[in-house]
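Report on the following structure.
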Amino acid sequence: MRKQIVAGNWKMNLDAAQSQELITALKSEKLSNAVQVAIATPFVHLASAVSQTKGSDIGVVAQNMHQAISGAFTGEISAPMLKSIGVNTTLLGHSERRAYFHETDTMLAEKVNTALENELEIIFCFGEELEQRKSGSHFDVVSSQLRNALFHLDTTQWKHIVLAYEPVWAIGTGETASPEQAQEMHAHIRDVLASQYDDSLAQSVSILYGGSVKPSNAKEIFAKPDVDGGLIGGASLNAADFAAIVNAF
Ligand code: PEP
């Protein structure tokens, strides 16, 4: 059975006190045991989030990491640094990193390799832009994002990868892909995985949907057979909303 996962992406929000308040509030919510829950906090809050969530079922995830393990990269954070504070998972390839920080598929393939070499789990984000959906190239775009950044991996390495399909036009816009659109793309992703690898791998990888998921729409999106959870931006900043999304399975 595939893992069901709901991960919150806090992006560049909340100061230290607000971060602690949100985690305290989240710990007081009743969260479904069937779902793996994680929060991707800003780097500066990761260490305190790790200690605050100790003994709870809430995982702590980085939003990004550099492809090098150390060196002259001012302002960057490496995989060994994350591991050293107890962070074992990182997001990679978020559309905001691709758009504003010029992260390419080639760079992301390097980040993926570095993360795996350092025993980090990866939530790998990808998805098409509005123009690509309008022109009907969205399936090809998604296939090539996966091929370029992930298809050099062997079957064993895929055990450490969770995919997060996030159509760019639905992120932070209030516009959600319909449950049918999400299901259609997730099924496509499994087809692509099955033809590159095999059906067993395709069926074993958890694929999250991200893009304006809220308590009001989570249930019908998560009900789709190929949707294994969500990557949640805005709604993860409110403990009750995030908990309602977790409990929407
Ligand atoms: C995200 O940033 O990954 C995201 C899905 O954001 P939102 O839920 O706010 O659309």
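The values are calculated or read from the model by the stated rules, or taken from the named source; none is laboratory data. Model, not experiment: these values are computed from the prediction. Don't worry about glycine lacking a Cβ; one is built from the backbone with ideal geometry, like all the others, and counts go over all protein chains shown. To get the accessible areas, we keep the full protein, side chains included, count just its heavy atoms, and leave off ligands, DNA and RNA. Shrake-Rupley method; radii C 1.70, N 1.55, O 1.52, S 1.80 Å.
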Legend entry - Assigned charges on the beta-carbon of Lys, Arg, Asp, Glu; the chain dipole about Cα centre (debye): 540 debye
Legend entry - Ordering of 28-41, 157-170 by burial proxy (mean other Cβ atoms within 10 Å per residue, highest first): 157-170, 28-41
Legend entry - Extension reserve of the Glu180-Asp15 stretch, reckoned as 0.36 nm per residue once the Cα distance is removed: 55.7 nm
Legend entry - Per residue solvent-accessible surface (Å²) - the chain, probe of 1.4 Å: 45 Å²
Legend entry - Whole-Å semi-axes of the chain's equivalent ellipsoid (Cα gyration tensor): 25, 23, 17
Legend entry - When each of Lys11/Lys134; Lys83/Lys224; Lys83/Lys134 is checked by Cα-Cα distance, pairs over 29 Å: Lys83/Lys224; Lys83/Lys134
Inset, instruction - Using Cα centres only, tell me the gap between the stretch 217-249 and the stretch 1-79 in whole Å. - result: 17 Å
Legend entry - For the stretch 49-101: rounded, prolate or oblate by the Cα gyration tensor [a/c cutoff 1.5]: oblate
Legend entry - List Arg147, Arg190, ordered by accessible area with a 1.4 Å probe, largest first: Arg147, Arg190
Inset, instruction - Count charges around Ser204 for me, please; just the other residues with Cβ under 9 Å from its Cβ, Lys/Arg as +1, Asp/Glu as -1. - result: +2
Legend entry - For the stretch 103-129 and the stretch 163-215, distance of Cα centres in Å: 17 Å
Inset, instruction - Name the helices (complete DSSP H segments) of the chain with a Cα length along the long axis of 24 Å or more and a Kyte-Doolittle mean of at least -1.0, or state none. - result: 179-196
Legend entry - Loop-resident sites, the stretch 86-148, for GluC sites (Glu not before Pro), counting at most 12 other Cβ within 10 Å (DSSP): Glu119
Inset, instruction - Count the net charge of all other residues whose Cβ sits under 14 Å from the Cβ of Arg147, scoring Lys and Arg as +1 and Asp and Glu as -1. - result: -3
